[in-house]
1. Mind listing whichever residues of the stretch 1-17 are out of contact with any helix residue (DSSP H, G or I) (no Cβ under 8 Å at 6 or more places or on another chain) and either surrounded by 13 or more Cβ atoms within 10 Å (Cβ to Cβ) or part of a loop (DSSP other than H, G, I, E, B) (or both)?
2. On the given criteria, is Tyr64 aromatic (Phe, Trp, Tyr), buried (at least 16 other Cβ atoms within 10 Å of the Cβ) and touching a Leu at 6+ places or on another chain (Cβ under 7 Å)?
3. If Leu48 satisfies every condition in (1) surrounded by 16 or more Cβ atoms within 10 Å (Cβ to Cβ); (2) more than 26 Å from Leu129 (Cα to Cα) but one, which is the exception?
4. Quick test for you: out of Thr16, Thr57, Thr96, Thr37, pick the one residue that is free of Cβ contacts under 8 Å to residues at least 40 places away in the same chain, more than 24 Å from Leu135 (Cα to Cα) and of a type outside the set (A, V, I, L, M, F, W, C).
5. Can you tell me which condition Tyr38 does not meet? The list is (1) in contact with a Gly (Cβ under 9 Å, 6 or more places away or on another chain); (2) over 23 Å from Ser117 (Cβ atoms); (3) of a type outside the set (S, T, N, Q); (4) surrounded by 14 or more Cβ atoms within 10 Å (Cβ to Cβ), and all the others hold.
6. Is it the case, given these coordinates, that Gln45 is touching a residue at least 24 places away in the same chain (Cβ under 8 Å) and at negative phi?
7. On the given criteria, is Thr89 of a type in the set (S, T, N, Q) and over 18 Å from Thr59 (Cβ atoms)?
8. Would you mind finding the one in Arg79, Arg132 that is assigned to a helix (DSSP H, G or I), buried (at least 16 other Cβ atoms within 10 Å of the Cβ) and charged (D, E, K, R)?
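The values are calculated or read from the model by the stated rules, or taken from the named source; none is laboratory data. Since the model is a prediction, treat every value here as computed from it, not as a measurement. Because the Cβ atoms are built from the backbone with ideal geometry, glycine has one as well, and the counts that use them run over all protein chains shown.
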Amino acid sequence: MLQPPHGQMTVGYILTPLPGFPIEQCSPNEAPTFEITYTIPSGIQGPLNPCPGQPYTGTVRKAYLPNNSEGKYVLQLLRRAFEDQHVFTIGKSTTTGTDNVVTWNDINHKTNITGGSENFGYPDPTYLLRVRQELSDKGYT
């Protein structure tokens, strides 16, 4: 199943550092944390989706990475996976139980700055290693 078309991935910076990552020297136009915004509009499912011809509900999601060498590398991999339509899919939401919605496609993202791994946030000392493995499993190295 493919990610719906016409989505956008934009990357910006926020001043809030991520717990567990030391602040590295940033260039003047940067900040310690990458903020990724994914925007997938609603639409009609295609032939490779679960219910071709049926509508699906889009989403806007934010995710966070440290602005360090490892975070930059993961960001490059995520960008490639997004361009290849592998970051999202259409299915049943695990949080709401709603069918025919845009959901994550087995690549974990940190959607909170704080709260630890149990709240999809930081600190999580093994997150970058795990997400690199998930991306590698999909062919992104």
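1. Met1, Leu2, Pro4, Pro5, His6, Tyr13, Ile14, Leu15, Thr16, Pro17
2. Answer is yes for this residue.
3. So the condition that Leu48 fails would be (1).
4. Sole residue among the options that is free of Cβ contacts under 8 Å to residues at least 40 places away in the same chain, more than 24 Å from Leu135 (Cα to Cα) and of a type outside the set (A, V, I, L, M, F, W, C): Thr96.
5. With (1) in contact with a Gly (Cβ under 9 Å, 6 or more places away or on another chain); (2) over 23 Å from Ser117 (Cβ atoms); (3) of a type outside the set (S, T, N, Q); (4) surrounded by 14 or more Cβ atoms within 10 Å (Cβ to Cβ) applied to Tyr38, the lone miss is (2).
6. yes
7. No: the conditions fail for Thr89.
8. One residue alone meets the criteria, Arg132.
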